[in-house]
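Read through the structure below, which is laid out as structure tokens, and then see the notes.
Every number here is computed from the coordinates shown, using simple stated rules; none is lab data. Model, not experiment: these values are computed from the prediction. In this analysis, Cβ positions are derived from the backbone assuming ideal geometry, glycine residues included, and neighbour counts consider all displayed protein chains.
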Amino acid sequence: MNQDMYKWAEAISIRLSDEWDGEKDFPEDAELLKNVLTKALSAVPEECIRLIGTGIIEESYFEAID
């Protein structure tokens, strides 16, 4: 379960850091944001789970596309 939660936390963090307005001007800060969010979401799985199935990340995010 921890590995699955880390995958979700990282995917959410990538999505959010990519969408941040400053991502293009401050790529190092976008990477920092991704790392901090991944660590925070992994540490509190309940909060990470709350984001799954929202406009932030779809429940089917890891399902194979046919």
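Selection of region 1-43 for residues being loosely packed, with under 13 Cβ neighbours inside 10 Å and outside any helix (DSSP H, G or I) yields Met1, Asp21, Gly22, Lys24, Asp25. Can you run down the residue pairs with Cβ atoms below 8 Å, 6 or more apart or on separate chains, where the first is in region 41-59 and farther than 10 Å from Met5 by Cβ and the partner is assigned to a loop (DSSP other than H, G, I, E, B) and small (Gly, Ala, Ser)? Once the first residue is farther than 10 Å from Met5 by Cβ and sits in region 41-59, its partners that are assigned to a loop (DSSP other than H, G, I, E, B) and small (Gly, Ala, Ser) give Glu59/Gly53. Each residue in region 44-57 was checked for being assigned to a helix (DSSP H, G or I), surrounded by fewer than 16 Cβ atoms within 10 Å (Cβ to Cβ) and in contact with a helix residue (DSSP H, G or I) (Cβ under 7 Å, 6 or more places away or on another chain), and 1 of them qualify.
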